[in-house]
1. Please get the size of the charge dipole for the chain, origin at its Cα centre, with Cβ charges of +1 on Lys and Arg and -1 on Asp and Glu, quoted in debye to the nearest 20.
2. Tell me, what HN-Hα J-couplings in whole Hz come from the Karplus equation 6.51 cos²θ - 1.76 cosθ + 1.60 at θ = phi - 60° for each residue of the stretch 32-43, using x for Gly and Pro?
3. Compute the accessible area per residue over the chain, keeping the other protein chains in place, probe 1.4 Å, unit Å².
4. Provide Phe37, Phe19 ordered by accessible surface of protein heavy atoms (probe 1.4 Å), highest first.
5. Quick check on the chain: take the gyration tensor over C-alpha atoms, sort the square-rooted eigenvalues as a ≥ b ≥ c, and tell me if it's rounded (a/c under 1.5), prolate or oblate.
6. Could you work out [θ]222 nm for the chain from helices alone, using -39500 (n - 2.57) per DSSP H run of at least four and dividing by all its residues? Round to the nearest 500 deg cm²/dmol.
7. If you rank Ile15, Ile44, Ile36 by how much accessible surface each has, with a 1.4 Å probe, what is the order from largest down?
8. Considering only protein heavy atoms and a probe of 1.4 Å, how much of the accessible area of the chain is carbon and sulfur, as a whole percent?
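The values are calculated or read from the model by the stated rules, or taken from the named source; none is laboratory data. Just so it is clear, the structure is predicted and the values come from calculations on it, not from any experiment. All Cβ positions, even for glycine, are placed from backbone atoms using ideal geometry, and neighbour counts span all protein chains on display. The protein model used for the area step is the full one, side chains on, heavy atoms only, and it has no ligands, DNA or RNA in it. Shrake-Rupley method; radii C 1.70, N 1.55, O 1.52, S 1.80 Å.
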Amino acid sequence: MDRRKEKGYEKFNDIGGDFTDMLRVADSLRDNVKLIFTGHSENIGDTMNEYWTLKTIGG
């Protein structure tokens with residue numbers, strides 16, 4: 001919320017980068033550690049060629 005009035009796209013790049021960093025850390029954890037990520041997904045493909053992506057705020 002600290003950046004809610006910031007103009008431009010840079011803050012959304014930061015959000016996506018932070019999420020990527022979080023996934024990399026999760027991938028480096030022990031195999032017996034269980035994590036749950038919640039979010040929204042979107043099929044940007046079609047019914048024959050699905051291509052799922054995770055949505056971030058503003059994206």
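1. Working: 9 positive and 11 negative charges, 59 e Å.
Dipole of the chain, to the nearest 20 debye: 280 debye.
2. 8, 8, 9, 10, 10, 9, 10, x, 10, 10, 9, 8
3. Details: 5650 Å² over 59 residues.
For the chain, the per-residue accessible area is 96 Å².
4. Values: Phe37 90, Phe19 60 Å².
Sorted descending by solvent-accessible area, the residues read Phe37, Phe19.
5. Values: a/c = 2.57, a/b = 1.11, b/c = 2.32.
Note, shape of the chain comes out oblate.
6. Details: 1 runs with 18 residues, N = 59.
My calculation for the chain gives -10500 deg cm²/dmol from helical runs alone.
7. Numbers: Ile15 65, Ile44 100, Ile36 155 Å².
Ranking Ile15, Ile44, Ile36 by accessible area, largest first, yields Ile36, Ile44, Ile15.
8. Working: 3010 of 5650 Å².
Accessible surface attributable to carbon and sulfur in the chain totals 53 percent.
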